[in-house]
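What follows is a single structure, written as structure tokens, with notes after it.
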Ligand code: SF4
């Protein structure tokens, strides 16, 4: 399904089947058989965003702005569109202006409001605005660096670990991150899958009793029409051995208006349900994001964060500490910091691995333990997540083990029990 169809399928009330005509149609489920959309059920508009609306969308009502459908329909998908509201020439080099139309681009108006008037050094600009640097390939880069294709027993399922699977439910995102691990399947601005495309995956999970944990990801599953997501949740919840369901998403950050009251009321029917939210920088922690996270947490959904370590964006102890502490204030438990995966053209985002260790060391002991995520490398080739820890264990001295605390001071622990 191309982007226009996706926008129309979620924004119009026409009596069309949901999904991609011809192969993912949900029989009997049409726009007109669903409850009519009446109210966005989302209320926050921060001052910064209100200023942006006044400048670029003066005829847009609060209700329209707070509609996630409106946000997707009015997203910036080309350089020329974004250039109308943001001074690109101040942001990026001339060369990238020449190529950017070839690079996929999608930014919601809400997320764009966070970079109004920003320059090239703004972390959110770096994260979502195309750059000429993406065309520079470095050694070791690959379009599917985690070899997910080799761990796919059926389409849309990745089964890498014994007791859990990844369900790639859609190829569409509301905003494209320039460093996306799955850029080989997203950022093409074309795919919502659907019922027919999911059947093999559902059957695979039904027939594998070892699968007790399903992570729904993509693309971003929260960009799907509510009925699509509920269909998937309902089918997964009906499988007795599926104990927990997780959703991986960036929507609460780039499209918080999606987190409506009715949406979280639907989600709460499928507990135990967990959510991993992709955050990048403390600038993302707006009043809108606070409303979205509060609603999800109030619905009993444990929230965890995932953050990719990115050069020039969040690769410092103060920035990462501010992000992790801010996440806790928003009731999100810091979960993972990922070393940036070597996708093609990602060299300008990647940091030395030591940087991640330095950041963990700079946080542990200096702030709440709850604020400390795991630093992991998703091993190229499909080895799975491998945690990396700073060295606090300094060896043995007779009956004692030697430990270094967060300040670098040395301590002995009597390790005499055999
Ligand atoms: S939201 Fe996730 S899947 Fe979508 S572009 Fe960003 S990193 Fe990729």
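The values are calculated or read from the model by the stated rules, or taken from the named source; none is laboratory data. Remember, it's a predicted structure, so these values are computed and weren't measured experimentally. All Cβ positions, glycine included, derive from the backbone under ideal geometry; neighbour counts span all protein chains shown.
At least 2 residues being more than 16 Å from the ligand (Cβ to nearest atom) is the threshold, and among the helices (runs of 4 or more DSSP H) wholly inside the stretch 246-352 those reaching it are 261-267, 287-298, 317-329.
The combined condition, being more than 20 Å from the chain's Cα centre (by Cα), away from the ligand (no atom under 14 Å from the Cβ), over 20 Å from residue 246 (Cβ atoms) and not in a strand (DSSP E or B), is not fulfilled by residue 210. In the stretch 186-213, how many are surrounded by fewer than 20 Cβ atoms within 10 Å (Cβ to Cβ) and closer than 27 Å to residue 133 by Cβ? Looking only at that region, the number is 3. Being in contact with a strand residue (DSSP E or B) (Cβ under 9 Å, 6 or more places away or on another chain) and in a helix (DSSP H, G or I) is the filter here; which residues of the stretch 220-245 pass it? 221, 222, 223, 228, 229, 232, 233, 236, 237 - these are the residues of the stretch 220-245 that are in contact with a strand residue (DSSP E or B) (Cβ under 9 Å, 6 or more places away or on another chain) and in a helix (DSSP H, G or I). Just one of (1) surrounded by fewer than 18 Cβ atoms within 10 Å (Cβ to Cβ); (2) under 19 Å from the mean Cα position of the chain (by Cα) fails for residue 230. It is (2).
Yes/no per residue for (1) at pLDDT below 95; (2) within 26 Å of residue 41 (Cβ to Cβ); (3) surrounded by fewer than 19 Cβ atoms within 10 Å (Cβ to Cβ); (4) over 18 Å from the mean Cα position of the chain (by Cα):
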{"residue": "279", "(1), (2), (3), (4)": "no, yes, no, no"}
{"residue": "321", "(1), (2), (3), (4)": "no, no, yes, yes"}
{"residue": "337", "(1), (2), (3), (4)": "no, no, no, no"}
{"residue": "359", "(1), (2), (3), (4)": "no, no, no, yes"}
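Between 186, 129, the distinction of being modelled with pLDDT under 95 and assigned by TED's automatic domain parsing to the domain that holds residue 112 belongs to 129 only. Among the residues of this structure, residue 373 does not count as one that is assigned by TED's automatic domain parsing to the domain that holds residue 303 and more than 17 Å from residue 280 (Cα to Cα).
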